[in-house]
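Participant: Sharing a structure, written as structure tokens. Questions coming.
The values are calculated or read from the model by the stated rules, or taken from the named source; none is laboratory data. Bear in mind the structure is a predicted one, so any value in this text is a computation, not a measurement. Heads up, the Cβs are rebuilt from the backbone with ideal geometry, glycines too, and the neighbour counts pull from every protein chain shown. Accessible surface areas use protein heavy atoms only, side chains included; no ligands, DNA or RNA. Shrake-Rupley method; radii C 1.70, N 1.55, O 1.52, S 1.80 Å.
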Amino acid sequence: MTDAEMTEPVHHMLAARDLLPAEHFLDSGYASAELIVGIKKNFGVTLVTPVLLNSSPQARAGAGFDRTAFTIDWDKRQATCPSGDTSTWWSPATLRGTKAIVIKFNKETCRPCPVRDHCTSSKTGGRTLSLQPREVQEVLDHARLQQGDERWRAKYGTRAGIEGTIHQAVAVTGMRRARYLCLQKTHLEHVFSAVALNLIRLDAWWNGHPLDRTRVSHLARLDLSLAA
């Protein structure tokens, strides 16, 4: 099941009830640039979610010139490398079933470049870049830039409350496994579970109690028992 197949029905339901949020916080399991673009275009909702980082060898190594070191001129269909040389090849392609753009630099230009070792591991060819279509790539670049910012990370901390609620639902009501057969009974079970969680959380709020105890590891519990 794709990201869109999992998330779009939710947004359709919210739109039908006029309950669409301005922002929707997701965990990284749902994140993709295509999904961010699609949800914004179809529903006007901004997805706040970490996206996968650049997976090029240079980015993984944290050394050399990764994708962000190149300037992309979408209108001229050309890329410029850190040394100021321009690409000579720009072609739409399909990579592993996904639309992409392949950009190549002339090997005669790259071969004598003094920083070649920081750019490509190819012994004979020039540097190659693979981009997603413009709208998707620009969203992806912007999302990667944002998630490196402290303010964005503090904002995304809101997601911790959501994860806490999911954990509480699983630990208290056992929602991962239905106790009954048929959708009607399962739906009723979920309603009762939600009511129980609301009452637990209201009681905690009114009485100033934390919603959950801090988890203590088996080793820590052993240390405490020996100390006692």
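Participant: Treating only the Cβ of Lys, Arg, Asp and Glu as charged (+1, +1, -1, -1), what charge dipole size does segment 63-155 show about its Cα centre? Round to the nearest 20 debye.
Facilitator: Approximately 300 debye in magnitude.
Participant: Follow-up. May I ask for the angle, rounded to the nearest 10°, between helix 33-43 and the longest principal axis of the chain, with both axes built from Cα atoms and the value confined to 0 to 90°?
Facilitator: 60
Participant: Average projected area of the Cα convex hull of segment 61-107, in nm²?
Facilitator: Working: hull surface 17.0 nm².
Projected area, direction-averaged: 4.3 nm².
Participant: In addition: Alpha carbon centre of segment 47-75 versus segment 132-149: separation in Å?
Facilitator: Comparing the Cα centres of segment 47-75 and segment 132-149, I get a distance of 9 Å.
Participant: Here is a follow-up. Give, in nm to one decimal, the length gained when the segment between Ala160 and Leu14 is fully stretched (0.36 nm per residue of separation minus the Cα-Cα distance). List each step's numbers first, then the result.
Facilitator: Working: separation 146, 0.36 × 146 = 52.56 nm, distance 2.23 nm.
Going from the current span to full extension adds 50.3 nm.
Participant: Assuming 0.36 nm per residue, please report the length gained on full extension of the stretch Leu53 to Asp117 beyond their Cα-Cα distance.
Facilitator: Working: separation 64, 0.36 × 64 = 23.04 nm, distance 2.23 nm.
The Leu53-Asp117 span can extend by a further 20.8 nm.
Participant: Antiparallel DSSP bridges in the chain: what percent, to the nearest 5? Mind dumping the intermediate values first?
Facilitator: Details: 15 of 18 bridges.
Around 85 percent antiparallel, to the nearest 5.
Participant: When a/c is below 1.5 the answer is rounded, else prolate if a/b is larger than b/c, else oblate, so apply that to segment 69-204 with a ≥ b ≥ c taken from the square roots of the Cα gyration tensor eigenvalues. Let's see the in-between values first.
Facilitator: Working: a/c = 3.96, a/b = 2.79, b/c = 1.42.
Prolate, since a/c reaches 1.5 and a/b exceeds b/c.
Participant: Report, to the nearest whole %, how much of the accessible area of the chain belongs to carbon and sulfur atoms, 1.4 Å probe, protein only.
Facilitator: Details: 9170 of 15970 Å².
Ligands and nucleic acids excluded, carbon and sulfur reach 57 percent.
Participant: Binning every alpha carbon pair distance of the chain at 10 Å from zero, what are the percents per bin?
Facilitator: 6, 20, 25, 20, 14, 11, 4, 0
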